[in-house]
Every structure is written in C-alpha cells, then in structure tokens.
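One structure is given here, and the rest of the page talks about it.
The values are calculated or read from the model by the stated rules, or taken from the named source; none is laboratory data. Bear in mind the structure is a predicted one, so any value in this text is a computation, not a measurement. Glycine gets a Cβ as well: all are built from the backbone with ideal geometry, and neighbour counts include every protein chain shown. Just the protein is used for accessible areas: all its heavy atoms, side chains included, with ligands, DNA and RNA removed. Shrake-Rupley method; radii C 1.70, N 1.55, O 1.52, S 1.80 Å.
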Amino acid sequence: PILVGGCGGIGSWVSFFLSRAGETVHIFDPDTVEIQNLGGQVFKTNDIGKEKVSAISDTIYEYCGERPVTFVVKLEEDNVPTTYKFLVSGFDNMEARRTLFDAWKKSPEGAIFVDARLLSEQFEIFVITNKEQGERYEKHYLYSSNEVEQVSCTQKQTSHVAAMCGSLMTTYILNIIAGQDEGYSLPPFKTNFYLPLNMVEHEYPKEGQSPVSVT
C-alpha cells in the first residue's frame, strides 16, 4: 500500500491516478469538501460537505470498482505510520510535510518519500530515495510556512496543472515499482514544471550535477 497524506489538489489527483493504475492507496485527511476546493481538486458539487476521503473514495470506486483505505485523521507526530514503502506528501503546508518526512526517516531502509508543491501554473516534485537526498531535501527545501510567499486561493491550484502534477508523481512511483526487481533508473531528485513557458527542469540525484532544462 502507498500512504497518501492529504486529499487536496495534489493528494486527490495522485490517489485517483494510482488507483486507476491498480495500486492500493491509504489516504489520510481530516477535512471536508468546501466550494473553493472544486477549482483544482477531484471533487464534484454534490461532494460539498462530505469528508474529503469519503468523497474521493466514492469517485475512485466509480472508476475502479474498488475503494481505497481512508482515514479521517490529521497525521501528527504521535500517529503517523512508519511502515510504508512509499510515503506521498499531498499537503498544502510545510508543517504537515515535516511530519510525514520525519516518519519517512524512521521508515525501513528503501522507503521512498515523494513530495510536491503546487501553484496555479507551476509545480515541483521531489523524490527522496536515500539518506543523502533526505539530508539535502531537509536542509534546502523543508523550511517553515512563514518563509513561504502567501498567494490567493485562485493562484494556489487549477485542475489541469494539479492533474499534471499528480500524473507525473504517479509515473515516478510506478517506474520505481516496475523496475525495482531488475534495477532501474531513479527519477529526478527534483522536477520543476512551469506551464506558461512549457519548461521543465530536472535535478538529478547526483550531488552537484547541473539541472537539465527542456523547453
């Protein structure tokens, strides 16, 4: 099973795509669907007022015939699981990312941490596969929420960009799963996609390697 923390613009899409690909997901989110969530998340108008995990469970069941395992709970230091092979961060705040990342650090060797950050026309994805990458991620990219520039709700997410982000996260996870028995090329440590310029920048796991930009 793949742990997905958060069921918003990132978590709802990646949960949907992983389920469509035949993977089992366990989704954690305590929130309910609000009208402003419809702009970028996998929810419908009749989902408003429902628990997010219940609403996404219904949608996944409609498309896949099976329901994900869901938890209406906020992941915190004293309850976050540390036994998953894949931990996927779909959160919209740095404190929750920190909680899940700390759980990854306590997870068995070989566990994978996947994190994404999303704006209306831009997203970043991090794939952490070992201790050295984890230290780099923690030092340079796991800052506090006070250091994050605040933007309006309309700038935070759009459905088409959120879906692109969830799709690429799913691709990275499936590539690792498909190739781990035979040896595989690791996904980039960091991917930054900027939609207005159709520009994607990959930063690979090797420390000091120059980023590769493709326009």
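What to note about this one:
- Candidate set: region 91-109, residues that are assigned to a loop (DSSP other than H, G, I, E, B) and open to solvent by less than 90 Å² (accessible area, probe 1.4 Å); chosen: the one farthest from TYR143 (Cα to Cα): PRO108
- Look at region 115-142: where a residue is part of a helix (DSSP H, G or I) and a partner is buried (at least 19 other Cβ atoms within 10 Å of the Cβ), sitting 6+ places away or on another chain with Cβ atoms under 6 Å, you get GLN133/PHE189; GLY134/ILE128; TYR137/PHE126; TYR137/ILE128.
- With respect to the conditions (1) at pLDDT 95 or above; (2) out of contact with any Asp or Glu (no Cβ under 7 Å at 6 or more places or on another chain), THR99 falls short on a single one, namely (2).
- Residue among VAL114, VAL69, VAL88 that is open to solvent by 50 Å² or more (accessible area, probe 1.4 Å) and at pLDDT 95 or above: VAL69
- Scanning region 1-33 for residues that are part of a strand (DSSP E or B) and either on the phi > 0 side of the Ramachandran plot or open to solvent by 10 Å² or more (accessible area, probe 1.4 Å) (or both) gives HIS26, PHE28, THR32.
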